[in-house]
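Below is one structure, written out as structure tokens; comments come after it.
The values are calculated or read from the model by the stated rules, or taken from the named source; none is laboratory data. Since the structure is predicted, the reported quantities are computational estimates derived from the model, not experimental observations. Here the Cβ positions follow ideal geometry from the backbone for every residue, glycine too, while neighbour counts run over all protein chains shown.
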Amino acid sequence: MQKWDKKTAFNLINWLLKGTIAAVLMFTIYKQAFAEERLSLFFEAVKALPGMDNWRWLALAFLLLPANWILETQKWRCLLWPFWKISFQRAFSGVMAGVSLSLFTPNRVGEYGGRLLAVPARYNWHAVMAALVGNLAQLLILIGGGLLGALYVAGLYYQEVQLLFSGFWWLAVMLLGLVYVLFFNIGWLSAVARMLPLPRKALRLLLLLKRYSSGRLGLALGLAAARYATYSLQFFCLLAFFGLKAPVGAALAGIATIFLIQTSIPLPPVLGLLARGEAALLALGPHGDQDVAILAATFALFIINLGLPALVGMAAIFKINVLKSLGYEIEVVQNEPDRRYADTSYGFRLPGKD
């Protein structure tokens, strides 16, 4: 009877957590789509379309949606693979769950929580580490593309600040090159960490970085670049759909600048949507008569790339035993062949001990 009561309590807590997440998510999407009147802005821009030819751009943006998240899933799988060989379906569910949770958390912290739910509790820290390294790869690609785009935009539309920006640009490129070197030698962090007064648990986590080869890191970087190209092309398609008249090079440079600005603002994606809209008006130059088209494209990109996947992620969360994934229902597996990789203390030694 006691066992049955405990199981019932776990199930009740599980569904309360899922219900709370679903309610917050739906409220967040509603707030962004209706309360801020962005949906009416979207339809206003659609009504102003010159003809039916533009709809092929919207179709292409939707067709690129699966590619965007498949690439992200493969990037995470690639970096989690040395510790646990996760299936694509399970990894995809974790990535989608992360999208749902990230919509209302600062700087997309919820993304890590969603991926925790896709792995057994003993691999939670491995999942976080893989996501962190994957996000670093994405950030390196985004900053590199953003710097190039911002330099182009500054020279095209804001020549009075181009000289100042050019000096900063070269400094940023040198720093970015240094970060690339550190990225491909990320295992150095575990050696440096031994000399710092860090908690033992943090040292064990950093030790996992030693398992990443330069080839695997290069693959992650390549997947990040492919994903960056995918969602940049989506944004370009949406701008073309709403009839923005700008040279292709200027539009792509503006898009790169928008993503760079958005990345520097530590806000949840739903609040970052406002910042992205303002950044789009700035980065795409003096198109005052097409402000509605630019803001509508920004909103459409949010709905396609985050809103729809968040709903898929919510469905994935409802199929997951949240408490078990977080370690509150642990099944002990005997004679597990990859047990040593599940132990974050494997290979760790305190100074002066065997």
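Things to note:
- From the list Leu206, Leu198, the one residue that fits, being farther than 25 Å from Ile304 by Cβ, buried (at least 17 other Cβ atoms within 10 Å of the Cβ), free of Cβ contacts under 8 Å to residues at least 40 places away in the same chain and out of contact with any Cys (no Cβ under 8 Å at 6 or more places or on another chain), is Leu206.
- From the options Trp81, Trp69, Trp57, residue that is more than 24 Å from Ile21 (Cα to Cα), modelled with pLDDT of 90 or more and in contact with a Phe, Trp or Tyr (Cβ under 8 Å, 6 or more places away or on another chain): Trp57
- The set of residues in region 194-229 that are over 21 Å from Phe83 (Cα atoms) and small (Gly, Ala, Ser) comprises Ala225, Ala226, Ala229.
- Unique match (being surrounded by 19 or more Cβ atoms within 10 Å (Cβ to Cβ) and modelled with pLDDT of 75 or more) among Leu147, Leu178: Leu147
- In region 83-95, the residues that are touching a Leu at 6+ places or on another chain (Cβ under 9 Å) and more than 20 Å from Leu219 (Cβ to Cβ): Ser93
- Single residue of Ala280, Ala310, Ala256, Ala316 found to be assigned to a helix (DSSP H, G or I) and at pLDDT below 85: Ala280
- Matching residues in region 226-258 - criterion: being of a type in the set (Val, Ile, Thr) and within 25 Å of the chain's Cα centre (by Cα): Thr230, Ile255, Thr257, Ile258
- For region 88-122, taking the residues that are surrounded by fewer than 22 Cβ atoms within 10 Å (Cβ to Cβ) and of a type in the set (Phe, Trp, Tyr), the one that is modelled with the lowest pLDDT is identified as Phe104.
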